[in-house]
Amino acid sequence: MLKKLRVFAAGLAIASLVACQQVENPATGETELSTVSLEQEREMGREAHPQILAQFGGEYQDPELQGYVRQIGMRLARGAELPAEQFTFTLLDTPVVNAFAVPGGYVYVTRGMLAILNTEAELAGVMGHEIGHVTARHSAQQQKQGLFANLAVLGAAILTGSGDVARIGQVAAQGYMASHSRSDERQADSLGIRYLSRAGYDPMAMAGGLRALQRHSELIAAMSGRELQQVSFFSTHPHTPERVAATADEARGVSVSDPEVGRDAYLDAIDGMIYGDSPSQGFARGNTFAHPELRFSFQVPEGFSLDNLPQAVVASSRDGGRRIIFDQEPDRSVASRQGGMDAYIANHWGEGAQLSGLKRITLDGMPAATAVAPVTANNQPYAARLVAIRFDENRIYRFVFLAPRNDGRALSSMYERTVGSFERLTASEARQLQPLRLQVVTVDSNDTVSSLSSSAGAEGFAEQRFRVLNDLGGEDGLRPGRRVKVVRVGG
């Protein structure tokens with residue numbers, strides 16, 4: 001959840017051009033019909049860039065690591081078919097594992113992506129692939145076909161399928177990344193191998209990076225027990241085992257004299273990088289969400305999993321039948337108006353809903369109010385309990401509790417357990433909340449996978465996470481002297 005928890009409502013405005021024009025595809029040299037010129041692509045990227053930064057946590061605040069990523073990007077871009085100075089490379093401050101590009105040469109990689117890779121060449125492979133999408137004009141072609149995804153504000157209907165709930169709880173979608181076709185992906189893989197080899201990197205790193213992404217996706221699926229709500233790399237970059245094999249076969253046919261892998265340089269660069277949520281986003285750990293900068297915390301019932309999305313915190317029961325959505329009133333002018341929280345629910349947030357049981361309550365000394373409204377989700381009747389909390393003169397925090405309409409006990413239990421735990425954090429309590437960080441250590445003869453993986457987080461999956469982070473198979477042991485990544489609580 002971003003620092004100010006604002007619902008980002010601006011769309012990406014892209015002009016729709018009527019006349020087609022002939023444009024040379026930089027990657028292939030072929031002339032093709034397009035409604036978008038290369039200059040218009042650059043303008044699209046310039047307009048999208050600040051909105052992408054706002055949506056994905058901004059730039060990661062580590063100038064040295066940002067410089068390292070940009071240096072690799074420019075090294076690759078000098079071998080591409082567009083002028084290198086037209087490219088912009090940004091490391092985003094989000095734990096989501098992804099990389100993407102928008103027209104005009106804007107290439108993004110997340111710190112979540114950096115965490116699961118193990119060599120500079122693998123990172124170069126990921127970035128070279130995205131450069132390939134730019135030079136081959138894939139996103140521009142999709143925009144021409146109406147497939148480029150605008151940044152849109154989606155209601156809680158994303159989570160429940162409910163148009164009614166959409167009026168009550170809004171969650172911003174991460175919609176910049178168009179889903180690429182298999183043919184586009186294969187072409188971007190081939191172009192990435194081309195740029196890797198021209199830059200002197202090991203072309204086989206392209207396949208190695210894809211395998212790391214696949215292992216990470218499998219781990220997250222096992223940990224969540226359900227489909228991920230956060231955008232993942234393979235939701236926007238179609239993946240098959242055949243694609244990995246084809247990429248490896250192509251890379252074997254490319255000869256590079258003394259190819260660079262850069263494992264030690266890469267580990268040096270990411271040593272100390274934040275892993276998972278950052279302080280500005282708040283921490284979702286176990287069944288607790290705590291925000292050290294906004295100074296509050298709450299707990300959800302046992303058995304619920306927490307997703308810390310950019311504009312909301314969402315908790316889901318194991319069967320997906322019950323949800324808790326936490327966010328903030330996005331309009332500061334509305335939040336700063338005088339008046340009780342019951343009036344806020346009746347006249348603004350829940351306006352038009354069939355509210356019942358509207359009443360004022362107090363939570364940890366803060367004025368609040370609650371009401372229940374019937375909603376329909378996935379063509380099933382649900383009950384939504386709304387809670388609005390006046391945190392200070394400029395902030396109203398909100399909960400939506402969703403349960404099947406015939407299960408009033410579940411709705412009451414969720415509500416009582418969660419709102420009863422909502423509290424302000426003292427300055428001392430906030431200081432004690434520290435992010436997780438990657439630390440690079442050298443294995444000694446007494447270390448085991450179990451001992452090094454038991455440091456922090458990933459309850460029940462610590463060893464599997466350690467293996468994914470360090471490119472270790474299920475039966476691989478540790479070799480003394482090898483450098484590995486561990487996750488530890490750090491300042």
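The values are calculated or read from the model by the stated rules, or taken from the named source; none is laboratory data. The structure presented is a predicted model; accordingly, all values stated were derived computationally and were not measured. All Cβ positions, glycine included, derive from the backbone under ideal geometry; neighbour counts span all protein chains shown.
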_Among the residues that make up the range 409-424, is at least one of them among the charged types (D, E, K, R), in contact with a Gly (Cβ under 9 Å, 6 or more places away or on another chain), at pLDDT below 95 and loosely packed, with under 14 Cβ neighbours inside 10 Å?_
no
_I'm trying to understand the selection: among the residues of the range 53-63, which are touching a residue at least 60 places away in the same chain (Cβ under 8 Å) and surrounded by fewer than 19 Cβ atoms within 10 Å (Cβ to Cβ)?_
62
_Selection from the range 222-276 of residues that are in a helix (DSSP H, G or I) and modelled with pLDDT under 60_ = 233, 234, 235, 236
*Of all residues in the range 341-378, which are closer than 17 Å to residue 393 by Cα and assigned to a loop (DSSP other than H, G, I, E, B)?*
364, 365
*Just for helices (runs of 4 or more DSSP H) wholly inside the range 387-491: which have at least 1 residues that are farther than 25 Å from residue 281 by Cα?*
408-419, 449-453, 462-469
_When you check residue 432 against the structure, is it under 27 Å from the mean Cα position of the chain (by Cα) and free of Cβ contacts under 8 Å to residues at least 12 places away in the same chain, yes or no?_
yes
*Within the range 252-287, work out how many residues are without any contact (Cβ under 8 Å) to a residue 40 or more places away in the chain and either within 16 Å of the chain's Cα centre (by Cα) or surrounded by 20 or more Cβ atoms within 10 Å (Cβ to Cβ) (or both).*
1
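Suppose we filter 445, 413, 454 for residues that are among the polar types (S, T, N, Q) and either free of Cβ contacts under 8 Å to residues at least 12 places away in the same chain or touching a Ser or Thr at 6+ places or on another chain (Cβ under 9 Å) (or both); which single one remains?
Values: 445 fails: either free of Cβ contacts under 8 Å to residues at least 12 places away in the same chain or touching a Ser or Thr at 6+ places or on another chain (Cβ under 9 Å) (or both); 413 fails: either free of Cβ contacts under 8 Å to residues at least 12 places away in the same chain or touching a Ser or Thr at 6+ places or on another chain (Cβ under 9 Å) (or both).
Exactly one residue qualifies, and that residue is 454.
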*Restricting attention to the range 286-298, report how many residues are part of a strand (DSSP E or B) and either farther than 17 Å from residue 420 by Cβ or touching a Ser or Thr at 6+ places or on another chain (Cβ under 6 Å) (or both).*
3
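Just to be sure I understand, how many residues within the range 290-301 are buried (at least 19 other Cβ atoms within 10 Å of the Cβ) and either among the acidic types (Asp, Glu) or over 19 Å from residue 392 (Cα atoms) (or both)? Give the derivation first.
If we filter the range 290-301 for residues that are buried (at least 19 other Cβ atoms within 10 Å of the Cβ), which is where we start, we get 290-292, 294, 296-300.
Subset that is either among the acidic types (Asp, Glu) or over 19 Å from residue 392 (Cα atoms) (or both): 299-300.
The qualifying residues number 2.
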*May I ask you to verify whether residue 295 is basic (Lys, Arg) and either modelled with pLDDT of 95 or more or under 24 Å from residue 490 (Cβ atoms) (or both)?*
yes
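I'd like to know if the range 334-346 contains one or more residues that are under 23 Å from residue 404 (Cβ atoms) and at pLDDT 95 or above. It would help to see each step written out before you state the result.
First pass over the range 334-346, keeping only residues under 23 Å from residue 404 (Cβ atoms): 345.
From what is left, the residues that are at pLDDT 95 or above are 345.
Scanning the range 334-346 turns up at least one residue that is under 23 Å from residue 404 (Cβ atoms) and at pLDDT 95 or above.
Quick grid of which residues meet (1) surrounded by 19 or more Cβ atoms within 10 Å (Cβ to Cβ); (2) under 19 Å from residue 286 (Cα atoms); (3) under 29 Å from the mean Cα position of the chain (by Cα):
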| site | (1), (2), (3) |
| --- | --- |
| 303 | no, yes, yes |
| 313 | yes, yes, yes |
| 319 | no, yes, yes |
| 329 | yes, no, yes |
| 340 | no, no, no |
| 349 | yes, no, yes |
| 352 | no, no, no |
| 368 | yes, no, no |
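Quick one: in the range 392-404, of everything that is surrounded by fewer than 22 Cβ atoms within 10 Å (Cβ to Cβ) and in contact (Cβ under 8 Å) with a residue 60 or more places away in the chain, which residue is farthest from the chain's Cα centre (by Cα)? Walk me through it before giving the result.
Initially, the range 392-404 is screened for residues surrounded by fewer than 22 Cβ atoms within 10 Å (Cβ to Cβ), giving 392-395, 404.
Now narrow it down to the ones that are in contact (Cβ under 8 Å) with a residue 60 or more places away in the chain: 394-395, 404.
Values: 394: 27, 395: 25, 404: 29 Å.
Applying the filter and picking the extreme gives 404.
Determine whether residue 301 is assigned to a loop (DSSP other than H, G, I, E, B) and touching a helix residue (DSSP H, G or I) at 6+ places or on another chain (Cβ under 6 Å).
On the way: assigned to a loop (DSSP other than H, G, I, E, B): yes; touching a helix residue (DSSP H, G or I) at 6+ places or on another chain (Cβ under 6 Å): yes.
So residue 301 passes the test.
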